[in-house]
Amino acid sequence: MNFEAVKAIYIFEMARMRRTLLQSVVSPVLSTSLYFIVFGAAIGSRIEEIDGVPYGSFIVPGLMMLTLLQNSISNASFGIYFPKFVGTIYEVLSAPISFLEIVLGYVGAAATKSLILGTIILATAHLFVPIEIRHPFWMLFFLVATAVTFSLFGFIIGIWADNFEKLQLIPLLVVTPLVFLGGSFYSIEMLPEFWQKVTLANPVLYLISGFRWSFYETSDVSVEVSIAMILLFLALCLGLVWWIFKTGYRLKT
Amino acid sequence: MQHAISISKLSKVYDSGLAALQEVDLDIRNGEILALLGPNGAGKTTLISIVCGIVNATNGKVSVQGHDIISEFRAARERIGLVPQELHVETFETVWDTVSYSRGLFGKKPNPPLIEQLLKDLTLWDKKDSKILELSGGMKRRVMIAKALAHEPKILFLDEPTAGVDVELRKDMWQLVRRLREGGVTIILTTHYIEEAEEIADRVGVINKGRLILVEEKSELMRKLGKKQLTVELNEVLETLPEALGGYDLDLENGGERIVYRYNSQAERTGIGSLLADLNRAGISVKDIATEQSSLEDIFVTLVEESR
Ligand SMILES: Nc1ncnc2c1ncn2[C@@H]1O[C@H](COP(=O)(O)OP(=O)(O)O)[C@@H](O)[C@H]1O
Ligand SMILES: [Mg+2]
């Protein structure tokens with residue numbers, strides 16, 4: 001195991017994020033505040049409570065998941081796409097490191113940043129609404145597992161993408177709609193029965209539901225199913241990454 | 001003796017179906033400077049990219065100081081430094097950070113004094129805190145060299161190191177190459193500037209259309225293939241060459257004022273003595289004579305043409 005290399009990539013990637021520190025911190029704080037103003041104040045005044053949880057508090061886990069998913073994907077996909085784009089990937093490919101170590105460095109850094117953002121949002125939300133975390137261990141589990149899984153997913157997108165459009169395509173057209181329709185801001189019980197069934201096909205629902213359970217013990221689906229689903233995604237992404245590693249897909253000619 | 005790099009039956013067919021390398025066999029000795037010559041598209045970069053792990057070979061084996069590049073890729077790659085042909089550098093990072101990063105990537109513990117010395121050697125020291133995107137093209141190339149050397153490689157690949165490079169950097173680079181060689185580093189450089197190979201290499205390999213046409217000591221190559229020519233300036237214009245000189249490979253040039261004699265410098269008898277005697281006998285008066293050795297460039301052109 002080439003720890004120095006993993007460390008080098010990790011530090012290098014974190015430095016890239018530090019350069020945009022202001023933007024990285026200000027934008028989630030701002031957007032969280034906006035969500036609270038729009039959803040919490042405007043809509044929340046009409047929806048008092050969901051499952052006995054005040055609406056403002058109810059949306060916090062969904063809000064965290066939204067940022068976590070978007071940022072994990074964009075950080076990790078950009079992190080590996082950029083060296084491909086400017087050509088510096090040659091150095092990573094010629095270094096005495098395995099693909100696993102490359103993944104550890106890039107995905108580790110992307111997941112770390114997402115976790116930092118998640119924490120910032122939690123803190124910001126705490127200024128607006130009361131928050132309770134009933135199951136801190138599971139809350140951390142969902143947080144870390146989601147950050148890692150979607151950073152892996154982003155890494156795969158970054159390797160697959162050979163232009164900027166493709167890089168934006170999946171996050172924009174797939175992930176963001178899934179998050180919004182996955183019960184970030186509502187309980188699926190509020191939907192007509194038909195749409196409840198449809199929503200069950202949305203993988204993000206399981207993440208948000210499980211995550212919210214760790215806060216308030218209310219969930220749309222059982223928490224065991226949520227845990228199984230996040231582990232399934234993790235396994236899928238790991239499998240894909242392993243396949244890329246085996247075939248050198250889009251990295252080596 | 002174990003070779004720095006040992007390549008056997010190496011072939012590469014790109015997805016496009018193009019055979020960039022065909023059964024290349026090449027042993028590179030420890031501590032030598034080998035110049036790979038070849039026209040554009042000959043396969044030089046492909047060869048280097050395979051050795052460095054950037055391109056997968058279609059067939060064949062490569063080992064680096066005895067370590068297979070696939071099964072022992074760590075041991076193989078940590079010995080190698082690469083300065084690629086294209087200018088690929090990070091943009092927003094500082095010179096210091098990017099060079100230190102390269103060292104880490106190759107599994108070496110940080111060593112600030114070494115990086116400092118490296119940057120000083122490459123006259124990059126006063127730019128250490130500059131962002132790379134603020135540097136000129138020549139400076140960027142220096143950064144790439146520093147990155148390649150940051151992990152103290154035993155073998156250095158320089159792919160077209162002087163293409164589009166200013167005189168000063170070229171001079172510095174050759175100085176560095178000589179110093180590295182004195183320190184035992186094996187250096188492989190590709191170029192299509194023949195003078196470069198002539199100036200610095202110990203051995204020369206010629207690649208054309210994916211085939212290694214030959215590898216030879218530079219001096220041996222010059223000796224073997226080096227044709228010489230003798231130019232004889234005449235006092236009076238000759239209409240035609242006298243029959244008495246029919247036994248020589250002669251050309252009458254410059255409107256009959258000059259006779260050119262081409263001969264092989266490695267032959268036992270060059271025939272110069274008898275030619276001069278025969279000229280004298282034929283009553284041709286000689287104003288001046290000069291000999292010229294063909295350069296590597298001429299040799300190279302001949303070889304490439306022969307392999308067409
Ligand atoms: N990634 C690639 N895909 C397809 N063909 C390639 C690729 N890279 C190089 N080639 C082709 O392979 C041949 C050898 O290229 P290269 O090794 O770059 O030659 P050189 O470095 O000697 O100029 C060229 O015909 C080039 O067009
Ligand atoms: Mg080339």
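The values are calculated or read from the model by the stated rules, or taken from the named source; none is laboratory data. What you see is a predicted model, and the numbers here were worked out from it, not measured in a lab. Positions of Cβ are generated from backbone atoms using ideal geometry, with glycine treated the same way; all protein chains shown enter the neighbour counts. For the accessible areas, the whole protein counts, side chains as well, though only heavy atoms, and no ligand, DNA or RNA atoms are used. Shrake-Rupley method; radii C 1.70, N 1.55, O 1.52, S 1.80 Å.
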Square roots of five times the Cα gyration tensor eigenvalues for the protein assembly as shown, Å: 69, 22, 20
Average accessible area per residue (Å²) across segment B:5-222 - probe 1.4 Å, nucleic acids and ligands excluded: 41 Å²
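Beyond 25 Å, what percent of the Cα pairs of segment B:5-222 remain?
Details: 8956 of 23653 pairs.
The calculated P(r) of segment B:5-222 puts 38 percent of pairs beyond 25 Å.
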Rg and Dmax of chain A, Cα atoms only, in Å: 18.7, 59
Rg to Rh quotient for segment B:142-293, alpha carbon positions, Kirkwood Rh: 1.18
Segment A:92-200: translational diffusion in µm²/s, Stokes-Einstein, Kirkwood Rh over Cα pairs, 37 °C, 0.692 mPa s: 196 µm²/s
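Which pairs break 28 Å Cα to Cα here: A:Lys166/B:Lys44; A:Lys84/B:Lys120; A:Lys7/B:Lys154? Display every interim value, and only then the final one.
On the way: A:Lys166/B:Lys44 33 Å; A:Lys84/B:Lys120 30 Å; A:Lys7/B:Lys154 23 Å.
Correct reply: A:Lys166/B:Lys44; A:Lys84/B:Lys120.
I'd like the carbon and sulfur percentage of the solvent accessible area for chain A, probe radius 1.4 Å, heavy atoms only, ligands and nucleic acids excluded. The partial results should precede the final answer.
Details: 8000 of 11160 Å².
The nonpolar share, carbon plus sulfur, comes to 72 percent.
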Order of exposure, largest accessible area first, which applies to B:Arg262, B:Arg203, B:Arg211 with probe 1.4 Å: B:Arg211, B:Arg262, B:Arg203
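Ranking request for peptides B:229-242, B:106-119, A:87-100: highest mean number of other beta-carbon atoms within 10 Å first, then the rest in descending order.
Details: B:229-242: 13.8, B:106-119: 16.2, A:87-100: 20.4.
Descending mean neighbour count gives A:87-100, B:106-119, B:229-242.
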Segment B:227-241 - phi-based ³J(HN,Hα) in whole Hz, Karplus 6.51/-1.76/1.60, Gly and Pro as x: 7, 10, 9, 10, 10, 10, 8, 9, 6, 10, 5, 9, 6, 9, 6
Cα principal axis extents for segment A:145-253, largest first, Å: 51, 27, 22
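So how much accessible surface do A and B hide from each other in total, probe 1.4 Å, in square angstrom to the nearest 100? Mind showing how you got there, number by number?
Details: alone 12540 and 15950 Å², together 25860 Å².
What A and B bury together is about 2600 Å².
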Calculated Rg and Dmax of segment B:231-293 using C-alpha coordinates, Å: 11.2, 32
Alpha carbon centroid spacing (whole Å) that separates segment A:199-253 from segment B:211-248: 76 Å
Centroid-to-centroid separation of segment A:111-127 and segment B:95-168 [C-alpha atoms, Å]: 38 Å
Heavy-atom accessible surface of chain B: percent carbon and sulfur, 1.4 Å: 47 percent
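At 1.4 Å probe size, with every protein chain present, just tell me what the per residue accessible area of chain A comes to in Å².
Details: 11160 Å² over 253 residues.
Accessible surface, normalised per residue, equals 44 Å².
What ranking, highest mean first, results for peptides A:234-242, B:54-62 when packing means the other Cβ atoms within 10 Å averaged over each residue? Walk me through the intermediate numbers first.
Numbers: A:234-242: 15.3, B:54-62: 17.4.
Highest to lowest by the protection proxy: B:54-62, A:234-242.
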